[in-house]
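What follows is one structure encoded as structure tokens, with my remarks underneath.
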Amino acid sequence: MPSLINVSKDFIRSIYKPINPLTHKGLQGHALIIGGSYGKMGSVALSSRAALKSGCGLVTAFIPQCGYQTLQNALPEVMVLTDEADKYLSNILFDFKPSAIGIGIGMGVNTASELALQKFLKTNTFPLVVDADGINILSKNNAWISLLPKNTILTPHPKELERLIGSWSSDEEKIDLAVLFAKRHNCIMVLKDAKTLITDGDSIFQNTTGNAALATAGSGDVLTGIITGLLAQGYDALHAAILGVYLHGTTADIALPDTGYQSFIASDIINYLGKAYLQLEK
């Protein structure tokens with residue numbers, strides 16, 4: 001197993017790309033967030049807003065029809081495309097070239113959505129982040145993992161990780177299995193936990209920010225949006241994952257004196273992203 005590399009602020013500053021003062025939204029990347037199902041549209045709203053607040057110039061959400069009004073009202077800055085189905089994803093179609101795509105949040109694991117994901121993966125060539133039900137569907141259909149573009153970022157929480165790589169008897173075995181999976185499938189693994197790890201199969205990076213406040217509903221959806229937004233802005237996949245996790249954790253560290261552990265929610269991660277960037281730039 002490779003040795004753990006602690007992600008310091010100096011390391012983050014070495015990969016961070018300050019905003020060009022002459023940039024415009026067309027140069028800041030266009031993120032596409034694909035997901036949602038009846039009763040789970042909040043996940044896409046959180047992820048889309050997080051992508052915007054990460055610095056992404058444009059964000060489009062692709063969702064079932066039932067979520068159209070919700071997203072348009074909640075997020076006027078986000079463009080919305082809808083599936084032909086009302087309550088779930090069935091056929092993922094879009095007519096532009098996104099800079100990066102985040103897929104899987106809140107999409108459910110029904111047969112139609114599973115087949116929609118398979119069809120999408122067969123043709124997709126854009127940089128990709130897969131989370132939540134996207135990971136669960138891949139766990140049920142292992143052969144589809146080979147359809148992932150090189151350097152796809154997977155962001156499983158512990159239970160999703162177990163479904164994907166199998167059970168383990170120790171933290172060391174878990175890391176070994178994740179490293180092997182990343183190496184075998186040429187992907188980036190973000191192992192969400194109290195101490196989140198990121199591996200590309202060659203190196204393992206341990207995040208040094210964050211606290212127990214992040215153990216809240218929607219926290220992972222926000223992380224997917226941040227990482228997708230960074231990927232869309234031109235960061236390579238490994239750096240997008242490391243920086244995204246670092247910023248995500250920093251928001252909780254900054255907010256803690258204001259919110260405490262219990263009252264911190266996923267929207268607070270998004271609200272404190274600006275201060276996380278400012279702290280990085282000090």
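Bear in mind that the values in this text are calculations on the coordinates, not laboratory data. Given the structure is predicted, the values throughout are model-derived calculations rather than measurements. For neighbour counting, all protein chains shown are included, and Cβ atoms are generated from backbone atoms with ideal geometry for every residue, glycine included.
Structure values in brief
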| read-out | value |
| --- | --- |
| Search result, residues across the range 198-218 that are among the acidic types (Asp, Glu) and surrounded by 15 or more Cβ atoms within 10 Å (Cβ to Cβ) | Asp200 |
| Residue list for the range 104-119, filter: in a loop (DSSP other than H, G, I, E, B) and of a type in the set (A, V, I, L, M, F, W, C) | Ile105, Met107, Val109 |
| Conditions (1) more than 23 Å from Ala217 (Cβ to Cβ); (2) outside any loop (DSSP other than H, G, I, E, B); (3) free of Cβ contacts under 8 Å to residues at least 40 places away in the same chain: number failed by Ile101 | (3) |
| Single match in Asp236, Asp221 (criterion: within 16 Å of the chain's Cα centre (by Cα), buried (at least 21 other Cβ atoms within 10 Å of the Cβ) and of a type in the set (Asp, Glu)) | Asp221 |
| Contacts under 6 angstrom Cβ, first residue in the range 253-282 being part of a loop (DSSP other than H, G, I, E, B), partner hydroxyl-bearing (Ser, Thr, Tyr) and surrounded by 18 or more Cβ atoms within 10 Å (Cβ to Cβ), 6 or more apart | Ile265/Thr216; Tyr272/Thr251 |
| Meets criteria (aliphatic (A, V, I, L, M), surrounded by fewer than 17 Cβ atoms within 10 Å (Cβ to Cβ) and in contact with a helix residue (DSSP H, G or I) (Cβ under 7 Å, 6 or more places away or on another chain)) for Ala255 | no |
| Candidate set from the range 55-106 (those that are over 19 Å from the mean Cα position of the chain (by Cα) and polar (S, T, N, Q)); member that is farthest from Ile19 (Cα to Cα) | Ser90 |
| Leading residue by the ranking (nearest to Asn186 (Cα to Cα)) among those in the range 216-237 that are assigned to a helix (DSSP H, G or I) and among the aliphatic types (A, V, I, L, M) | Ala237 |
| Contacts under 6 angstrom Cβ, first residue in the range 37-54 being over 16 Å from Thr82 (Cβ atoms) and in contact (Cβ under 8 Å) with a residue 12 or more places away in the chain, partner in a helix (DSSP H, G or I) and small (Gly, Ala, Ser), 6 or more apart | Leu46/Ala266; Ser47/Gly225; Ala50/Gly225; Ala51/Gly225; Ala51/Gly229; Ser54/Gly229 |
| Out of Leu22, Leu81, Leu27, Leu75, sole residue that is free of Cβ contacts under 8 Å to residues at least 12 places away in the same chain and farther than 30 Å from Ser170 by Cα | Leu22 |
| Verdict on Pro2 being surrounded by fewer than 23 Cβ atoms within 10 Å (Cβ to Cβ) and more than 28 Å from Gln279 (Cβ to Cβ) | yes |
| Subset of the range 46-95 that is of a type in the set (Phe, Trp, Tyr) and in a loop (DSSP other than H, G, I, E, B) - its residue that is surrounded by the most Cβ atoms within 10 Å (Cβ to Cβ) | Tyr88 |
| Test: Ala31 is closer than 22 Å to Asn124 by Cα, assigned to a helix (DSSP H, G or I) and either among the aromatic types (Phe, Trp, Tyr) or touching a strand residue (DSSP E or B) at 6+ places or on another chain (Cβ under 6 Å) (or both) | no |
| Qualifying positions in the range 1-19 - closer than 23 Å to Ile101 by Cα, in a loop (DSSP other than H, G, I, E, B) and in contact with a helix residue (DSSP H, G or I) (Cβ under 8 Å, 6 or more places away or on another chain) | Tyr16, Pro18 |
| Matching option when the condition is crowded, with 21+ Cβ neighbours inside 10 Å and more than 16 Å from the chain's Cα centre (by Cα), among Leu161, Leu117, Leu128 | Leu117 |
| Answer from Lys174, Lys195 - the residue that is under 18 Å from Ile5 (Cβ atoms), surrounded by 15 or more Cβ atoms within 10 Å (Cβ to Cβ) and not β-branched (Val, Ile, Thr) | Lys174 |
